[in-house]
Amino acid sequence: TNLAPSSVRHAVKVLQLIIGSRFEKKSIHFPSCIEEESETACYSQEQVERILGAAEGKYEILFATAAGTGMRAGELYGLQVDDIDFSRNVIHVRRSAWEGELQSPKTRNARRAISITKSLANMLKGHLDGRTTGLVFPCRAYNGIQRPLRNSNVLKWGLHPILRKLKIPIAGMHAFRHYRVTALIESNVPLETVKAWIGHGSEAMIRRYSHLRPGCFEKHLAAVPDVSAGIAPKSPLEKRGLAA
């Protein structure tokens with residue numbers, strides 16, 4: 001059968017109700033429900049640099065902010081100019097956007113302040129070009145009214161054409177968030193700080209977001225004492241216990 005294990009179990013229960021009796025214990029063998037879980041997309045440092053190098057206009061700033069903060073796509077689309085404190089280089093997440101409409105953040109922890117680098121702050125200043133109100137990344141205004149970007153349009157017209165051009169596997173805006181968490185953890189940023197900047201209260205969830213690369217594990221391994229380093233290799237005779 002091509003049905004999922006849960007669907008098979010449900011069908012058996014319905015059949016038992018129809019015939020008015022239960023099947024004997026162990027008379028039915030259900031398929032295993034263990035499936036290989038596909039890895040969530042996470043851009044690498046090199047991929048992020050290539051994406052930013054190929055992006056133009058507002059998309060360059062949008063993707064740089066996504067990679068430099070780990071903000072959710074809706075939080076980026078709902079970001080307003082007065083949410084950015086340029087005197088302290090801090091972004092305040094106060095709202096989100098969905099399908100072109102503003103709404104409250106996803107969770108209580110989503111309301112937060114994110115420290116940003118001076119270079120990202122300067123990019124945002126240049127993008128705003130003196131503007132002091134409104135959305136940071138507005139959609140094209142209709143009748144003088146700003147609307148937030150729609151994620152489907154950002155992917156269709158901004159991100160996915162770049163990924164195809166660079167031959168990077170197709171992924172979404174959330175892969176920037178995964179990249180950010182991974183970069184923070186690999187840089188030994190305290191977990192409490194990571195949670196505060198990313199907007200998650202669960203350590204387990206933060207660890208699910210990280211995609212530690214082999215180079216990171218090699219750095220950790222180098223700091224651990226090597227108990228076998230001082231042991232000289234044995235000759236073939238010594239291995240067989242035949243040495244004099």
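Of note:
- Ordered by 1.4 Å accessible area with all protein chains kept, ASP226, ASP129 run largest first as ASP129, ASP226.
- Each label was represented as a point 7 Å from its Cα along the Cα-to-Cβ direction; for VAL12 and ASN153 these points are 5.1 nm apart.
- Accessible-area composition of region 85-226, carbon plus sulfur, in percent [1.4 Å probe]: 54 percent
- Label-to-label distance, LYS106 versus ARG131, with points set 7 angstrom from Cα along the beta-carbon direction: 2.5 nm.
- Base-10 log of normalised Debye intensity for region 53-166 (one unit scatterer per alpha-carbon) at q = 0.12 Å⁻¹: -0.40
- Per residue, region 38-139 exposes 49 Å² of accessible surface when a 1.4 Å probe is rolled over the protein heavy atoms with every protein chain present.
- In this view, the solvent-accessible surface of THR40, computed with a 1.4 Å probe and all protein chains in place, comes to about 80 Å².
The values are calculated or read from the model by the stated rules, or taken from the named source; none is laboratory data. Quick caveat: nothing in here was measured; it's all calculated off a predicted structure. Methodologically, a virtual Cβ is constructed for each residue, glycine included, from the backbone with ideal geometry; neighbour enumeration extends over all protein chains shown. Only protein heavy atoms, including side chains, enter the accessible area calculation; ligands, DNA and RNA are left aside. Shrake-Rupley method; radii C 1.70, N 1.55, O 1.52, S 1.80 Å.
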